[in-house]
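Worksheet for the structure shown next.
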Amino acid sequence: MAELSPVLKQATPVIAARGEGVHLFDEDGRRFLDFTAGIGVTSTGHCHPKVVAAAQEQVATLIHGQYTTVMHRPLLRLTERLGEVLPTGLDRLFYVNSGSEAVEAALRLARQATGRQNAIVFQGSFHGRTMGAASLTTSGTKIRAGIGPLVPGVVVTPFPYAYRLGMSEDEAVAYALRELDYQFATVTSPKDTAAVFIEPVLGEGGYVPVPDAFLQGLRERADQHGFLLVVDEVQTGFGRTGTFWGHEPSGIRPDIVITAKGLASGFPISAIAAPAAIMDKAWPGSQGGTYGGNAVACAGALATLEVIQEENLVENSARQGERLHQGLAKIAEAHAAIGDVRGRGLMQANEFVKADGSPDAETAQRAQQAAAQNGLLLLTCGPAGNVVRFIPPLIVNSDQVDTALELWSASLGDIA
Ligand SMILES: Cc1ncc(COP(=O)(O)O)c(C=O)c1O
């Protein structure tokens, strides 16, 4: 009898039989409040009726219209619709299937468009697991260990992680920009630097929002040196952080945006967007793929965009995110092991630390497991696994946030 490879690590023992809104149901009919949203994917909730209807209709019409053989209407319509929500000027799109593939596509594009090789990433960032994307990833050595040699030309520089550095946000920004400039002076000449990749909120690396001033500092340097600013919105896009794009509050203009996860409520599709002046420098035929821009996934993405707009989910993300943040901060007051409560919108986290300030992964994992037992599904993240994150679907309401907070508080009580 075949079994699943142990290479997959399970965060909970739940076998999901059905999903509805913010809930998952196991095979015995037990209901769980799903504050994982499939790692930030099911933005409109599980099986939103509009997404289901759109996908069902598309399945019965055209499942696979391979996009370098024929073109299909859902892909053309999605491109038009994304043009309405993307930052101004980023009006050339390319589709693949996962976040990692889109990151690969952005790296290829950045190298071809600039004729330069090197990419700069920030320590703790996560950009994916395929070889190119893993080469850009330092959210934990488990992603890179034992698989080298990795893709060369990647330079890792400090992220302005104020809490970990024991600095104020302003100090952390100044420090990380100074170190970045030092990389330009010592490791990667600006003339060899194709792009800087950044997540607006460090995701798998511990849910640390990037201060606006840091993104602004990156934009200034990109303009000064002529490299591309690639914003990885795979986890932060589509309303997750309380604005449509995570980078929005900084007011910066990215050169390339990468999006996936929340884009299609669970269908595998991802995209990169860039201005024509950049995308026109890509070498035709150098990118593609059998399944990219799948018609059913496109229909799912179109319905997702409609639901986000009709149900004001970006505003809801900001409002419920604030409620969740306040509630988590209140609960944390009674638990010394929770050293930091942070996040933006519906991307919130608690960092667990020991009395000496070092990461406390054990308590974080016990709390996450206790929550699952109590009916609240959560995930951990961070290089040490000492951060518990809360990422409910964007449709979550106040009662559900309050229930999650009660279950979280009870779970912390259970392990005390
Ligand atoms: C910011 C970011 N980039 C890229 C990826 C990779 O996406 P995927 O797992 O779809 O390959 C992820 C996944 O968690 C992510 O959070």
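So the values come out like this:
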read-out	value
Segment T186-D399, extension gain: residue separation times 0.36 nm, minus the distance between their alpha carbons	71.4 nm
FRET efficiency for E27 and R323, using Cβ-Cβ distance with R0 set to 30 Å, rounded to 0.05	0.40
Mean accessible surface per residue for the chain, computed with a 1.4 Å probe while every protein chain stays in place, in Å²	43 Å²
Segment M167-H64, length gained on full extension (0.36 nm per residue, minus Cα span)	31.9 nm
Relative contact order of the range 210-307, pairs being alpha-carbon contacts under 8 Å that are 6 or more residues apart, as %	23 percent
Highest-MSF residue in the chain out of G266, G206, G288 [GNM, Cα springs under 10 Å]	G288
Within a Gaussian network of the chain (alpha carbon springs, distance under 10 Å), most fluctuating of K142, K191, K354	K142
Most mobile of V156, V85, V314 in a GNM of the chain (Cα contacts under 10 Å)	V85
Given charges at beta-carbon only (K, R positive; D, E negative), |dipole| of the chain in Debye	920 debye
Selected from A53, F238, A119, residue furthest toward positive end of dipole (the chain; charges at beta carbon)	A119
Protein accessible area in the range 52-310, 1.4 Å probe - carbon and sulfur %	52 percent
Selection from T259, Q10, G153 lying farthest towards where the dipole of the chain points positive, charges on Cβ	G153
Among L328, V96, L218 - extreme Cα towards positive end, dipole of the chain, charges at beta-carbon	V96
Extension reserve of the A17-A355 stretch, reckoned as 0.36 nm per residue once the Cα distance is removed	117.6 nm
Charge dipole magnitude, Cβ of K and R +1, D and E -1 - the range 322-383, Cα centre, debye nearest 20	200 debye
Environment charge of E322, counting only residues whose C-beta is closer than 12 Å and scoring Lys/Arg +1, Asp/Glu -1	+2
For the range 142-193 versus the range 1-64, the gap between their alpha-carbon centres in whole angstrom	36 Å
Percent breakdown of C-alpha pair distances by 10 Å bin, ordered from the shortest bin, for the chain	5, 22, 32, 27, 12, 2, 0
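The values are calculated or read from the model by the stated rules, or taken from the named source; none is laboratory data. Just so we're clear, the structure is a prediction, and the values are computed from it rather than from any experiment. When we count neighbours, we look across all protein chains shown, and the Cβ atoms used for this are built from the backbone with ideal geometry, even at glycine. Keep in mind that these areas ignore ligands, DNA and RNA; they rest on the heavy atoms of the full protein, side chains included. Shrake-Rupley method; radii C 1.70, N 1.55, O 1.52, S 1.80 Å.
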